[in-house]
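Quick notes on the structure that follows.
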Amino acid sequence: MSLGRRYRRLWAGHAASNFGDGISYVAIPLLATALTTNPLLVAGLPMVYSAAKFLVVLPVGAVVDRMDRKKILGVSNLGRSLLLAVLAVLVATGTGSLPALYVVFTLIGLLETASDNSALAILPSLVDSKDLDRANSQISATQLVADEFIGPPLGGLLFAAAMALPLATTAGAYAAAAFLFLGVVGTFRPGRRPGPRRSLHREVAEGATWLARHPLLRSLAVISGLASIGYMMPFSILVLFVQDVLGLGSAGYGILLSVSALGGLGGAAVVAPLRRRIGYGATTAGSLLVGAASLLAIFLTDVPWVAGLFLATYILHAVIFSICVSSLRQRLVPDQLRGRVNAVSKLFGLAGLSVGAGLGGLLATAFDLAVPFLAGTVVFILCAAIAWPNLHRWERAATDHA
């Protein structure tokens, strides 16, 4: 059954935007290495990008709850398009520089934060609550295909042809996304309380307070932060593990990542029917246990094909968990608070990624490259132990209430 014309335009906008993301994922680092050979300056790009998103995620959430979310989606993608078009011109004319790349990449991170939050907040206004799992699954599958299978190899080929070409192509993809998003029929500005508008700080605090008082979503925010730690500990040193433990080169590493992404497509395909059959509690907690088992299996092996199989299983779990949590948040958070609650929840995840990366490096240095996988196993078991009772209690209460 179709999810409706408005949803299809939103989905198409996601597809165009994700296509651009996949190209830039490869093109931006390649451009950085063409402009400098200093590894610190190259590594500084993703650091600045992540720091920018971390700093603005909360105020952006408040803005998403103030303005028309469709317009935020359109303007943020149009902004990304213009930034990359300017950078493409600079590179094509030989006037591109590392400072310009830093400025553009940082601003893209700010705009991406607004686009991502708005996309999550607007979806429940386009599809019925019962269809959120299916809609989120379709969007996640499209993202995986564009980000992992189409965008990166095309980005590399375009860069080999001309350094400015992938930047111009990405600019076009973001412009197409903006056109599609703005074409969604309707106005999507949440209702606001009567009276004078409060400061962003107070509005952010209101969202954080609402989340803190909601037992289920509070626990899921904590679990998301812990899961980000559990994920980033092994994945921050994955390239070293693949080289030194599995004995693969750069080509083997790329193939391993592509194969693992297939697990994500499997997760997107099964999550909606699985949730309907066994409920959110069993699906979410079960996916976390699958993640724990996958990391444990990788910890115990040095065989490339075995590691690839369980990396794919891990990505399957990650997609199932992400879709379940997103759908629950979209179902349960009032429309006028959705942007702020999304932002506070995202902050837990961003903080977890930073902590996990540091812990992964420390554990690999102090012990060996396999130990972060074992540590991640323990974290995911803890996450499942927290998730099951909270979700089971909520589902039982929802059934009793019905």
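No value in this document is a laboratory result; all are computed from the given coordinates. Just so we're clear, the structure is a prediction, and the values are computed from it rather than from any experiment. Heads up, the Cβs are rebuilt from the backbone with ideal geometry, glycines too, and the neighbour counts pull from every protein chain shown.
Just order 102-115, 225-238 by mean Cβ neighbour count inside 10 Å, highest at the front, would you?
The densest-packed peptide leads the list: 225-238, 102-115.
Using per-residue counts of other Cβ atoms within 10 Å, averaged over each peptide, order 344-356, 60-72 from highest down.
Averaged packing, sorted descending, gives the order 60-72, 344-356.
Based on the alpha-carbon gyration tensor of the stretch 200-401 and its eigenvalue square roots a ≥ b ≥ c, which shape applies: rounded if a/c is under 1.5, prolate if not and a/b is larger than b/c, or oblate?
The shape class here is prolate.
In what sequence, highest mean first, do 251-258, 74-81, 327-334 appear when ranked by Cβ atoms within 10 angstrom?
74-81, 327-334, 251-258
Rounded to a whole number, what is D in µm²/s for the stretch 5-182 from Stokes-Einstein with the Kirkwood radius over alpha-carbon pairs (25 °C, 0.890 mPa s)?
It comes out at roughly 148 µm²/s.
Give me the Kirkwood hydrodynamic radius of the stretch 321-378 in Å, from all C-alpha pairs, to one decimal place?
The answer is 13.5 Å.
Rounded to the nearest Å, what's the spacing between the alpha carbon centres of the stretch 14-50 and the stretch 341-359? Just the number, please.
About 21 Å separates the Cα centre of the stretch 14-50 from the one of the stretch 341-359.
For the charge dipole of the chain, defined by +1 on Lys and Arg C-beta atoms and -1 on Asp and Glu C-beta atoms about the Cα centroid, which residue among GLY191, ALA251, LEU374 has the Cα displaced farthest towards the positive pole?
Working it through, the farthest residue towards the positive pole turns out to be GLY191.
Suppose every K and R has +1 on its Cβ and every D and E has -1 on its Cβ; what is the size of the dipole of the stretch 5-182 about the Cα centre, in Debye to the nearest 20?
460 debye
Let's see if you can work this out: charge +1 on each Lys and Arg Cβ, -1 on each Asp and Glu Cβ, no other charges. What is the dipole magnitude of the chain about its Cα centre, in debye to the nearest 20?
That gives a dipole near 1780 debye.
Normalise the Cα radius of gyration of the stretch 81-177 by 2.2 N^0.38 Å (N = residues in it) and let me know the number.
1.30
Identify all lysines with a Cα-Cα distance to LYS130 below 23 Å; exclude those on the same chain that are fewer than 8 residues away in sequence.
Here the lysines satisfying the reach criterion relative to LYS130 are LYS70.
With unit charges on the beta carbons (Lys and Arg positive, Asp and Glu negative) and the dipole taken about the Cα centre of the chain, which residue among LEU58, TYR174, ALA384 sits farthest to the positive side?
LEU58
Tell me, what is the FRET efficiency for ALA366 and TRP305 to the nearest 0.05, using R0 = 35 angstrom and their Cβ-Cβ distance as r?
0.75
So for the stretch 62-106, Kirkwood radius off the Cα pairs, Stokes-Einstein at 37 °C and 0.692 mPa s: how many µm² s⁻¹?
276 µm²/s
So what's the back-of-envelope 222 nm ellipticity for the chain, counting only DSSP H runs of four-plus at -39500 (n - 2.57) apiece and dividing by all residues, rounded to 500?
Computed mean residue ellipticity for the chain: -29000 deg cm²/dmol.
Within the chain, which complete DSSP H helices have Cα atoms spanning at least 27 Å along the helix axis and a mean Kyte-Doolittle hydropathy of 0.0 or higher?
Helix filter hits for the chain: 5-35, 39-64, 69-92, 98-122, 215-235, 250-300, 304-332, 338-366, 371-401.
Could you tell me how far the Cα centroid of the stretch 76-139 sits from the Cα centroid of the stretch 232-295, in Å?
For the stretch 232-295 versus the stretch 76-139, the Cα centre distance is 25 Å.
Hey, if you put +1 on the Cβ of every Lys and Arg and -1 on every Asp and Glu Cβ in the chain, which of LEU300, ALA32, HIS317 ends up farthest toward the positive end of that dipole?
Of the options given, the answer is HIS317.
Can you work out D for the chain in µm² s⁻¹ from Stokes-Einstein, where Rh is the Kirkwood radius over C-alpha pairs, the temperature is 37 °C and the viscosity is 0.692 mPa s?
The Stokes-Einstein estimate is 150 µm²/s.
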